[in-house]
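A short worksheet on the structure shown next.
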Amino acid sequence: MFAPHPDDESLACSILLQRAVRAGAAIRVVYATDGDDNPWPQRVLERKWRLDATDRKRWGRLRRTEALAALRVLGVNVSAARFMALPDQKLTALLMCDCRSALERFTAIIADWPPTDFLVPSISDTHPDHSALGVMLRLVLSDYFPDPTTTGRMAIWSYTVHGRSAAFFDRAETIRQSPIETATKLRAIRCHKTQLKLSRKRFLGYAGRPERLVKLGTRDKTVADGSIGSVSRLPHSLRIEVRLSPKAMRMSEPILSVLGRDEAGALRCATMRLPARSSRVKMVDSASLDQGAVAQYRGNAFIGQLTIPISRFLAVHPIFVKLERRSWFFDEAGWLEIPAARSTQIVEPERDRVKARLLAIR
């Protein structure tokens, strides 16, 4: 299991880990960050307003200790834990700027201990660290382990902690839990005392929530999510329909990001702020590409259709798209993966099709 922070093992996969222990499976839990950049609980608990690097390191060590205690409750040997200490709350920036070193570390960890079942965060999770880690691991698996025989025919499962994405929940398998498993999960969550200080009700509520998984395959159908209504991948461009409410639009300018690999195989991320009216806007990426994206909007409902050039991204690799609309430290939605194909249509969520049918019956 790859966990973005200490506590995700308890919130998302407690039941799975308990069952793996009972089955006698070998287990490894890898924590991407130490959760050290979570200042509000730390300020309350330590009664200290200004926090420096030393304070954050101390907080990170405390959260590691809590994670190990939770693993013991779940029956997992603490020697199974690995801590990568990547920058907390900054995995999206790492993904979009320079994550080559992190990808190499992920690759080495998986190659050294190839699992039969691999648990990764969903790219649909609304916490930016979760969705960014999900994208990184998909890049590693597609780039370095394209042949399932090289990893012992590994089954890849995604899990989510935050949000109610239709792109995830409409496909997820639900794992029912027994009262004993629920009680153990509750005890594991209680080990994360730092996080219970300000979010006690929300955290303890995860104990009774069924865990859900989506099994990833090579031909998964991508479903639009959040304010992105649909996406079409054409030979040299992406056509994206964006639907925003006027109220949300006044709060902040949404940022659209497109991530893919260039001709040299290097990751490139182009970003743009969505304008308030029809215009030609400029996308800027890490290579300072001067590309134009045409935006056309209509009415007060802010329905926009973007045509974005993607000639610099190789067609043989998938492209990831995200529309960032932050609320505190959560996003409205995570990333979308557009498969490596010359013409791929991302369909509307099933809920929209149901609504259309209901409106037609009068």
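The values are calculated or read from the model by the stated rules, or taken from the named source; none is laboratory data. Only a predicted model underlies this, so the values are computations on that prediction, with no experimental measurement involved. Note that we place each Cβ from the backbone using ideal geometry, even for glycine, and neighbour counts take in every protein chain shown.
Checked against the criteria, PHE329 does not count as assigned by TED's automatic domain parsing to the domain that holds HIS236, within 25 Å of ALA172 (Cβ to Cβ), surrounded by 20 or more Cβ atoms within 10 Å (Cβ to Cβ) and modelled with pLDDT of 50 or more.
Keeping to segment 78-113, report how many residues are within 22 Å of ARG326 (Cβ to Cβ) and of a type in the set (Ser, Thr, Tyr). Looking only at that region, the number is 1.
For segment 34-124, the helices (runs of 4 or more DSSP H) that sit wholly inside it and include 1 or more residues that are touching a residue at least 60 places away in the same chain (Cβ under 8 Å) and over 29 Å from ALA333 (Cα atoms) are 39-46, 53-74. Any residue in segment 323-334 that's farther than 11 Å from ILE228 by Cα: show its pairings with residues that are surrounded by 14 or more Cβ atoms within 10 Å (Cβ to Cβ) and basic (Lys, Arg) at Cβ separation under 8 Å, as long as the two are six or more apart or on different chains. Cβ pairs passing all conditions: ASP331/LYS322; ASP331/ARG325.
Return yes when LEU74 is within 19 Å of ARG209 (Cα to Cα), out of contact with any helix residue (DSSP H, G or I) (no Cβ under 6 Å at 6 or more places or on another chain) and of a type outside the set (Asp, Glu) and no when it is not. So LEU74 does not fit the description; no. Taken over segment 206-247, the criterion of being over 21 Å from ALA166 (Cα atoms) and of a type in the set (Gly, Ala, Ser) is satisfied by ALA207, SER237. When the criteria are applied in full, ARG153 meets the requirement of being modelled with pLDDT under 90 and over 20 Å from MET84 (Cα atoms).
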